[in-house]
1. For the range 55-190, what's the radius of gyration and Dmax over Cα atoms, in angstrom?
2. What is the Cα radius of gyration of the range 1-74 over 2.2 N^0.38 Å, N being its residue count?
3. Which value, in Å², gives the accessible area per residue of the chain when a 1.4 Å probe is used on the protein heavy atoms?
4. What is the ratio of the Cα radius of gyration of the chain to 2.2 N^0.38 Å, where N is its residue count, to two decimals?
5. If I compute solvent accessible area with a 1.4 Å probe over the protein chains, what percent of it on the range 183-224 is carbon and sulfur?
6. Rolling a 1.4 angstrom probe over the protein chains, ignoring ligands and nucleic acids, what is the accessible area of TYR244 in square angstrom, nearest 10?
7. Radius of gyration and Dmax for the range 133-274's Cα atoms, expressed in Å?
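The values are calculated or read from the model by the stated rules, or taken from the named source; none is laboratory data. On a predicted model such as this, the values are computed, not experimentally measured, just so you know. These accessible areas exclude ligands, DNA and RNA; they are computed on the full protein's heavy atoms, side chains included. Shrake-Rupley method; radii C 1.70, N 1.55, O 1.52, S 1.80 Å.
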Amino acid sequence: MKSKVVQLKADPQGDLAFLQITDTHLFADRQKDLLGIKTVQSFEAVVEHASKYKHCHAVLSTGDLSQDHSAQSYLDFCQHIKTLNLPCYWLPGNHDIQAVMLPNLLAEGLAHTQVIESENWQIILLDSQVEGVPHGLLSDTQFAVLEKTLKKNPNKHTLICVHHHILPVGSAWLDQHIMKNNHQFLDLIAPFSNVVAVLSGHVHQASDTLQDGVRFITTPSTCVQFKPNSNDFALDSVAPGYRYLKLKASGEIETVVERIDKDAFSVDADATGY
Ligand SMILES: Nc1ncnc2c1ncn2[C@@H]1O[C@@H]2COP(=O)(O)O[C@H]2[C@H]1O
Ligand SMILES: [Fe+2]
């Protein structure tokens, strides 16, 4: 689908600031839980916490907005995000159903875009979903968007957002659900020295790895957290969270992971999957 390039006006220093809110896994029913966490409620608590970041330019929502694919879950996502009074740009995750997601987000005023530009930066949002399976794959169309945008603006610092993780996180059960054509992706971006970072969701844990001059960053979910470096499925007891990012005019990214009160929600520690 063709979408408009969004133009953002940086602050007077040339910096841009974003909140990344990811993997909300919402249900239509507020009382429904994912492995012990009522996802609408933990999302609400995250949004409330994130409201302290008043000077941001936008929210970046990197997929798995819904767990039950209901129209109501997407509408609830929009209702809560709107309380931040920021534009929200989004991309799909493996659990989303785009036939439900797209019309409901558009109806609530959340525009569909794959490119955001400022004077110094561009942000490229990619769709890595293969509907119905947990792993990711970039289609030829998505590779074409990526290559065309990188070629168009070789002098803009670049942040690429995509749901699935590109580099393994070290947990076999989760790494089987990686972006499968990650090497093709890495080969494509390699000649573009303006690519600063790749920002993902999906792995429900924070990571920040520098490889060949590019930062590969992942972010906690607003609900359940996966235990790092665990070959079998295991949940972590750390609290739901989100990420703040400042994209500096110099090309540097300053970022911090934020988490809500650790006692506000607790997961079913014995869960073996979902
Ligand atoms: N025990 C498990 N083993 C392998 N995959 C799982 C297991 N439990 C859940 N998953 C899938 O792994 C995915 C990782 O994060 P998602 O939120 O995309 O949704 C998860 C499920 O689709
Ligand atoms: Fe996911």
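1. Rg, Dmax (Cα atoms, Å): 15.4, 41.
2. Working: Rg = 15.2 Å, N = 74, 2.2 N^0.38 = 11.3 Å.
After normalising by residue count via 2.2 N^0.38 Å, the value is 1.35.
3. Result: 42 Å² of accessible area for each residue.
4. The chain yields a ratio of 0.93.
5. So the carbon and sulfur contribution to the accessible surface is 52 percent.
6. Surface open to solvent at TYR244 totals about 30 Å².
7. Looking at the range 133-274, its Cα Rg and Dmax stand at 16.2, 50 Å.
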